[in-house]
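Trainee: Sharing a structure with you now.
The values are calculated or read from the model by the stated rules, or taken from the named source; none is laboratory data. Everything quoted here is computed from the prediction, not taken from an experiment. FYI the Cβ positions are ideal-geometry reconstructions off the backbone, even for glycines, and counts take in every protein chain you see. What goes into the accessible areas is simple: the full protein's heavy atoms, side chains included, and nothing from ligands, DNA or RNA. Shrake-Rupley method; radii C 1.70, N 1.55, O 1.52, S 1.80 Å.
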Amino acid sequence: MSFVPCLVDRWSEENNSIILTWKQNERGLEPNQNVLKRCCSESRKLLQKIQGIPAATERLELEMTVSYNTFLFSLSFSNASEIEESLTHSLLRALEAAGSQVSCSDPVQLWEAVLQTLGSSVYVPYVHKLLLIQWMLWLMQCQLERVLTLLMQTDHKNVFHSSAPVNLQTETRNLALSMEEDSSLMVAMTAKDLKDLLHICTVICQGVEQMKMEKYSEALDIFQEAKGLPSPRSLLAQIHTLPGQSFAKLGQPHCALHFYRKAVEVDCACHSALYQSALVFRQLGNPKAEMEALHLLYSAVQLHSDKSSSSASLVSLATLLGGEQMTFISRVPSPSLILHTLAHTCVFNGSISDGVEYYLDLLASLQSDGKDLIHTGEGASFPRIPVVYLEAGFALLKAKRYSDALVVCEEVITSTLDFIPERLLLDADEKQNVADSDVVLENVDFVLWAGAAHLLQAQAHWKLKDTKEAITNFTRSINNLVKVLIKQKDWKQKHLGNTEAMVERMVTLEAAKGQALAGRGFCFLERGELKEALRDLHLSFQMTPGSHIKMLLSEVLWRLDRREEASAHWREAYSTSDAPKSVNVPLYLQLWPDDTAFDFSELKKKMVEYIQAKKT
C-alpha cells in the first residue's frame, strides 16, 4: 500500500526532529529539564501513533527505534515498572510483526522468544537496543541475577562453548552486541555509549553489594576492573571514591585518602570523596585538613544546588544505580548539616572568626527557610535549632562580639519561655515507656537551653565589665537549671529514665549549674562580696571539681582572713592534676572558667610566705 512508505518517512522525520532538538540541548553546558520533558512527551505521542496500527515488518525498525528513544526520555519521568510494561508491549508487537504469537508475560521467557525469533535477522541491532533498555531497568532495581540470565541468553553460543565459570563480570566483559547505527533513524544515545555505561554501572553495583556484606577486599577486586572501563568524569570519580571507602573500612586511612584525592582530581565536585576525606581527617586528628575538606564540600554542594534546579541528563548515575545504591555511594549530609559541622569544627579547634561566619550563615539559612526555633529541625542527625543558636552565641563570645552574642541568646530565651516547666521531679527508680521518656527529655531540654542561654548572656555581660547584670543573668541561669530535680543522690549509678540520653542531659545540666555558680561566685569576688562568693564557689566545686575553683576558693578564704583553710585549698589545687575530670559537655558550655584569667600571682606570693613562715 502506498501510504505505508509515506507514513514511515513522515514518522522517521518526526523522530529525527525530536532527537535533533535533544542533541542541540545536550550540547549546552547544562541540558535543560524542560527540553527533556518536551522531547519525552513528543516521543511518547509518536510511539502511540505508530502502535495505533497493527505491527508490521516494514515499520519494525522504526517502531523499535522510537520505543528505544521513548524509554530513554522517560527515565526521568516514569518509574521502572511503567517503562518495563511498555517495553513488554513493544516486544510482543515485534514478535507479532514477525508472525510469532507469544502470550507469556514473564520477561525472561519473552526475551528468550524474541532472541530466538529475531536474533539472527536484520533486526538484531534494534533488538539489542531494547535489550539494553531491559538491562538498564533490572540494573536500576539491582536485579543482577536477572541481568546475568539476560546476557547469557544473548551470548548463549559462547556460554555453551566456554569452560570458564559463568558470572556477571565475565558476561559483561565478553558480551558481543550489535552496535550498528542506522543513519536514517537517529537515537537519543548510541547503543555503544549506553552499553559502556551499563557495563561500568553493573560492575559498580556488584562492588557495592560486596561492601554491603562487608566483603571489602572482594569489593576492591571488582572496583579494580571498573577503573579500566570507559566512563564519564563524574562516574570515574565515584570509581576512585568507593575503593577509598573500602580501605577506610579495612583500617587503612592513608590508602583511603589516596583514592579520595584521585577522585577529587578527576572531579573537583565529587561530594562523596570530599565528605569521606573529612571523616578520615577527623579520625586522624587533623582538624585543619578536615576543615578544608568540609569547606570545599560545602562550596561544591552550594554550586551544585544552584545549577541543578533546571538541568537534566538523559541517563544519570543516580537513575541507573537506584535510590538504595546511590544512598550508599553518595552518603553526603544536607547543606545545613555540612555548614553546621564546618562551623562547629572551626570553633572547637580555635578558628573562631571562620566559625562565627559559618554560624551566622547557618542562622540566616534557617531563618530564610522559616524554621521554627523549637519544633522543627533538619532531620535526626542535625542538632535541635536552639543548640545551633547557643553554639553561635558561644562562638560570638569567643570572637569578643558580646552584643551579638546577647541578641542570639535572647532568641533562645524568648522561644523557650512558654515551654519551661515550673518544676521537673525525676525518679531514677521509675521505669518509663518510650513516649513518656521522650516528653521528659524534651522538658529537660527546654530547661537546659534557657539556662545555657542565660549563662552565655551572663558571661557576655561580665566581659562587658557589667558585673551587676552578669550576676542577674547567672542567677536566672541557676534558677532555671535547678527546676530539674532527681530524687536519688546516686542517680549516676542508675539507668535514669531507661535511657543514656537522660543521663547525658543530667550531666550537662550539672555542668551548666557548676559553671553558673562559679561565674556568679567570681563576680561576687570581684565586687568584694566575699561570703556570697564563698557560698557559690563551694557549691560549684561540689558539682564540677577542678583546680581553678580551688584556687578561687583559696583567694576568697584568704581575703576572709581564714588563712589555714586558704593554704589547704591552695596546696590541694597544686597537688592535683591541672586537667579537670573529663566531662563530655556541649560546645556552648566550654567557655567558663577558662576565660576568667584571674591573676593569682599576688596570692601565690602570699601563700609561699605563709607556708614558709609556718615551717619556721
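Trainee: Suppose every Lys and Arg Cβ carries +1 and every Asp and Glu Cβ carries -1, with no other charges. What dipole size does the range 1-156 come out with about its Cα centre, to the nearest 20 debye?
Mentor: That gives the range 1-156 a dipole magnitude of about 420 debye.
Trainee: Which residue, 254, 81, 316, has the largest displacement toward the positive end of the dipole of the chain when charges sit on each Cβ (Lys, Arg +1; Asp, Glu -1)?
Mentor: It is 254, whose Cα lies furthest towards the positive end.
Trainee: If amide H atoms are built 1.01 Å from N in the plane of the peptide, which residues on other chains or at least 5 residues away come under 5 Å of the amide H of residue 32?
Mentor: Hits under the 5 Å cutoff: 312.
Trainee: Let me ask another. So if I restrict to the alpha-carbon atoms in the range 257-340, what is the Rg, and what is Dmax, the biggest pairwise distance, in Å?
Mentor: That works out to 13.4, 42 Å for Rg and Dmax.
Trainee: To continue, here is another question. Projecting each Cα onto the charge dipole of the chain (Lys/Arg +1, Asp/Glu -1 at the beta carbon, about the Cα centre), which of 20, 191, 397 comes out farthest on the positive side?
Mentor: 397
Trainee: Using Cα-only point scatterers and the Debye equation, what is log10 of I(q)/I(0) for the range 1-156 at each q in 0.12, 0.16, 0.17, 0.18 Å⁻¹, rounded to two decimals?
Mentor: Listed by q, the Debye log ratios stand at -0.53, -0.93, -1.04, -1.14.
Trainee: Treating only the Cβ of Lys, Arg, Asp and Glu as charged (+1, +1, -1, -1), what charge dipole size does the range 215-351 show about its Cα centre? Round to the nearest 20 debye. Working shown, then result.
Mentor: Numbers: 10 positive and 9 negative charges, 29 e Å.
Here the size comes out at about 140 debye.
Trainee: Oh, and also: Note down the relative contact order for the chain as a percent, whole number, built from C-alpha pairs under 8 angstrom at least six residues apart. Write out the running numbers ahead of the final one.
Mentor: On the way: 736 pairs, mean separation 49.1, N = 616.
The value is 8 percent.
Trainee: Rounded to a whole number, what % of the accessible area of the chain do carbon and sulfur atoms account for, probe 1.4 Å? Walk me through the intermediate numbers first.
Mentor: Details: 14760 of 29110 Å².
Roughly 51 percent, rounded to a whole number.
Trainee: Please give the solvent-accessible surface of residue 549 in Å², to the nearest 10, using a probe radius of 1.4 Å with every protein chain present.
Mentor: 10 Å²
Trainee: Applying a 10 Å radius around every beta-carbon, put 108-116, 535-543 in order of their mean neighbour count, most first. Write out the running numbers ahead of the final one.
Mentor: Working: 108-116: 17.2, 535-543: 19.6.
Per-residue mean Cβ counts within 10 Å order the peptides as 535-543, 108-116.
Trainee: Would you mind checking the tilt of helix 547-559 against the longest principal axis of the Cα atoms of the chain, expressed as 0 to 90 degrees and rounded to 10?
Mentor: So the inclination is approximately 20 degrees.
Trainee: Here's a follow-up. Say each of residue 303 and residue 167 gets a label point 7 Å from the Cα, pointing the same way as Cα to Cβ; how far apart are those two points in nm?
Mentor: Here the answer is 3.9 nm between the modelled labels.
Trainee: Still on this model: Do any of 531/606; 513/606; 463/606; 195/249; 398/465; 49/195 go past 26 Å between their Cα atoms, and which?
Mentor: On the way: 531/606 21 Å; 513/606 31 Å; 463/606 28 Å; 195/249 31 Å; 398/465 16 Å; 49/195 28 Å.
Listed pairs above 26 Å: 513/606; 463/606; 195/249; 49/195.
Trainee: Now for a different question. Could you work out how far helix 317-329 tilts from the main Cα principal axis of the chain, as a 0 to 90 degree angle to the nearest 10?
Mentor: With both axes taken from Cα atoms, the answer is about 30 degrees.
Trainee: Moving on. Rounded to the nearest 20 Debye, what is the dipole magnitude of the chain about its Cα centre when Lys and Arg each give +1 and Asp and Glu each give -1 at the C-beta? If you can, show how the numbers build up before the last one.
Mentor: Numbers: 60 positive and 74 negative charges, 395 e Å.
Rounded to the nearest 20 debye, it is 1900 debye.
Trainee: Pull out the extension gain between residue 89 and residue 193, defined as 0.36 nm times the separation in residues minus the alpha carbon to alpha carbon distance; nm, one decimal. Walk me through the intermediate numbers first.
Mentor: On the way: separation 104, 0.36 × 104 = 37.44 nm, distance 2.50 nm.
Answer, rounded to one decimal: 34.9 nm.
Trainee: Can you find, among 134, 39, 110, the residue sitting farthest towards the positive end of the charge dipole of the range 1-156, where Lys and Arg contribute +1 and Asp and Glu -1 at Cβ?
Mentor: Value: 39.
Trainee: Over the range 1-156, give the accessible area per residue in Å² for a 1.4 Å probe, as an integer. Intermediate values should be presented prior to the final figure.
Mentor: Details: 6990 Å² over 156 residues.
About 45 Å² of surface per residue is accessible.
Trainee: Round to the nearest 10 and give me the degree value, 0 to 90, for the angle of helix 530-543's Cα axis relative to the longest principal axis of the chain.
Mentor: 40 degrees
Trainee: Then there's this: When the Kirkwood radius is taken over all Cα pairs of the chain, what Stokes-Einstein diffusion coefficient follows at 4 °C and 1.567 mPa s, in µm²/s?
Mentor: Values: Rh = 29.7 Å.
Estimated via Stokes-Einstein, D reaches 44 µm²/s.
Trainee: What residues have an amide H closer than 5 Å to that of residue 426, excluding those fewer than 5 places away on the same chain, when H is modeled at 1.01 Å from N in the peptide plane?
Mentor: Long-range HN contacts for residue 426: 485, 486, 487.
Trainee: Grab the beta carbon distance between residue 45 and residue 23, set R0 = 30 Å, and tell me the FRET efficiency rounded to 0.05.
Mentor: On the way: r = 19 Å, r/R0 = 0.64.
Result of the calculation: an efficiency of 0.95.
Trainee: Using Cα positions and a limit of under 13 Å, work out the aspartates and glutamates in reach of residue 483, with same-chain residues fewer than 8 apart set aside.
Mentor: Cross-link targets: 422, 445, 510.
Trainee: Please give the per residue accessible area of the range 236-375, computed with a probe of 1.4 Å over protein heavy atoms only, in Å².
Mentor: With the other protein chains kept in place, the range 236-375 gives 44 Å² per residue.
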